[in-house]
């Protein structure tokens with residue numbers, strides 16, 4: 001039963017609430033609930049406040065959605081939402097802005113260039129990386145005979161990196177991704193081939209980090225094309241580099257997110273998220289928050305990046321991919337598993353972070 005005392009404690013002494021587009025006065029100077037509460041209840045706002053979900057589905061698919069990424073201005077997303085195409089969708093409404101050219105195979109990875117002009121996607125059968133013009137939806141330069149587990153554009157959009165299924169890391173030039181200019185940085189294993197599910201450029205473009213599920217994370221110096229460091233850890237599945245470029249986080253198969261400095265690769269801390277493997281990780285644009293999938297079916301977890309203190313958790317959906325809004329550290333989107341008919345899709349989260 002809702003009582004004034006219980007509501008007063010739940011509201012934490014706040015004297016007003018933002019309800020939709022309105023700000024309603026509800027408290028007295030001493031922190032207790034004021035008489036205007038009856039008006040709020042009568043309008044039905046308080047009930048909605050206490051039951052409101054922290055996300056809304058902006059693109060419902062009814063099946064698993066694996067890939068989603070913000071464009072550089074945060075106004076649109078690129079996402080694979082089923083069928084035979086990758087779509088650019090409005091980041092607020094989910095309306096399709098443009099569909100990229102029809103695919104003959106499912107994309108395994110996606111990347112958006114920092115200038116928003118290009119979208120790259122790795123497909124299999126046939127193995128290739130397709131690069132679309134984001135303004136027209138038509139394919140531009142690309143590469144064939146490469147099975148890409150991951151792809152990422154450089155900060156100046158002059159190159160894109162590919163983590164290849166056999167364990168090799170490549171650099172391809174833009175806009176003409178010709179094979180004779182391909183740079184092979186190295187491989188994650190000489191003995192056996194394993195996936196390379198993540199490649200990330202540092203913000204200044206000086207370094208590339210790659211992760212392989214064979215248990216290695218490698219830091220590459222792009223000016224010398226030499227390996228700086230090889231780190232060993234439990235099944236790294238994803239990477240995120242801080243906006244400052246001084247540290248990076250790794251989502252690991254033992255349920256931890258591990259944080260290292262860059263470029264030295266010294267271990268700074270390990271944040272325990274789950275008992276299951278962590279597949280996705282992201283750092284907010286202000287560098288304050290770290291988001292990850294919760295492992296297994298434990299949903300979404302957000303912690304303070306420096307302390308590791310858990311500040312938000314939501315369960316019930318497997319968030320296979322997540323990314324922060326490039327300009328708003330309280331907004332992120334996730335691509336979700338289809339656990340039930342209407343579960344799969346893209347969710348936009350407005351997080352209560354302070």
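The values are calculated or read from the model by the stated rules, or taken from the named source; none is laboratory data. None of these values were measured; they are calculated from a predicted model. Quick reminder, even Gly has a Cβ in these numbers, built from the backbone with ideal geometry, and neighbours come from all protein chains shown.
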Would you mind telling me which numbered condition in (1) assigned to a loop (DSSP other than H, G, I, E, B); (2) under 25 Å from the mean Cα position of the chain (by Cα) residue 224 fails? (2)
Of (1) touching a strand residue (DSSP E or B) at 6+ places or on another chain (Cβ under 7 Å); (2) assigned to a loop (DSSP other than H, G, I, E, B); (3) in contact (Cβ under 8 Å) with a residue 40 or more places away in the chain, residue 204 satisfies all except one. Which? (1)
Quick check on this structure: which one of 214, 221 is surrounded by fewer than 21 Cβ atoms within 10 Å (Cβ to Cβ), over 29 Å from residue 309 (Cβ atoms) and modelled with pLDDT under 95? 214
Can you confirm whether the stretch 147-168 contains a residue that is modelled with pLDDT under 85 and outside any loop (DSSP other than H, G, I, E, B)? no
Would the stretch 82-102 turn up any residue that is modelled with pLDDT under 90, in the same structural domain as residue 312 (by TED's automatic domain parsing), surrounded by 15 or more Cβ atoms within 10 Å (Cβ to Cβ) and within 30 Å of residue 223 (Cβ to Cβ)? no
Check the stretch 191-199 and report whether any residue there is more than 26 Å from residue 277 (Cα to Cα), at pLDDT 95 or above and assigned by TED's automatic domain parsing to the domain that holds residue 244. no
In contact with a strand residue (DSSP E or B) (Cβ under 9 Å, 6 or more places away or on another chain), over 25 Å from residue 187 (Cβ atoms) and at pLDDT below 95: does that describe residue 290? no
With respect to residue 236, determine if the residue is in a loop (DSSP other than H, G, I, E, B), touching a residue at least 12 places away in the same chain (Cβ under 8 Å) and crowded, with 21+ Cβ neighbours inside 10 Å. yes
Identity of the residue in the stretch 143-174, surrounded by fewer than 18 Cβ atoms within 10 Å (Cβ to Cβ) and either free of Cβ contacts under 8 Å to residues at least 40 places away in the same chain or not assigned by TED's automatic domain parsing to the domain that holds residue 114 (or both), that ends up farthest from residue 89 (Cα to Cα): 166
